[in-house]
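To keep things clear, I will list the structure first and then write my remarks on it.
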Amino acid sequence: MNADDLLYELEDFITASQHIPMTKLVVIEESKLFEYIDRIREMVVMGSAENMQVAAIFQTPATSYIAQPSVTKDDSGTPEYDSIVRIARQDADEIRANADNYARAVLHDVQGRLERLLGSVNSGLDELNR
């Protein structure tokens, strides 16, 4: 599902919600609204993380060396070869760090969702116990 589809779905949800007579106010189920917000946030986080990863790959200095067939394994030990290997290792470290940051962001998002869900479950149990 893309962002436009999700926004149309949110619009439909709001339109179908209960209207308060003689006002422009609408009663919206809070948990459903938070679900939409979470889904939108997930799209934004995933989209920006994916964009950062793609940009990092294409802005990598070592990518220019990939197209140069003049440097081979036989050239190991030469300054040019050592430089390419060093740059490639730095780029790999940077890509790994970006992947870790992306995973961290996704896990924090999942943790937040689970905490909200657990809060809802606890509230429901409290209500049932009364």
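Any chance you could run the full-extension gain for Ala16 through Ser83? It's 0.36 nm times the residue separation minus the Cα-Cα distance, nm to one decimal.
Gain on extension, Ala16 to Ser83, equals 17.9 nm.
Exposure proxy check: Asp12, Asp91 ranked by fewest other beta carbons within 10 Å?
Fewest-to-most ranking of Asp12, Asp91: Asp12, Asp91.
How far apart, in nm, are the 7 Å Cα→Cβ label points at Leu114 and Leu128?
2.1 nm
Please compute the modelled spin-label separation between Asn2 and Tyr36, points set 7 Å along Cα→Cβ, answer in nm with one decimal.
So the label points at Tyr36 and Asn2 sit 2.0 nm apart.
Determine the distance separating the Cα centre of segment 1-29 from the Cα centre of segment 76-93; give it in Å without decimals.
Using only Cα atoms, the two centres lie 56 Å from each other.
Exposure proxy check: Tyr8, Tyr102 ranked by fewest other beta carbons within 10 Å?
In order of increasing Cβ crowding within 10 Å: Tyr8, Tyr102.
Computed from the coordinates by the stated procedures, all read-outs in this text should not be read as laboratory data. Note that this is a predicted model, so its numbers are computed, not measured. Every residue, glycine among them, receives a Cβ derived from its backbone with ideal geometry; neighbour counts consider all protein chains shown.
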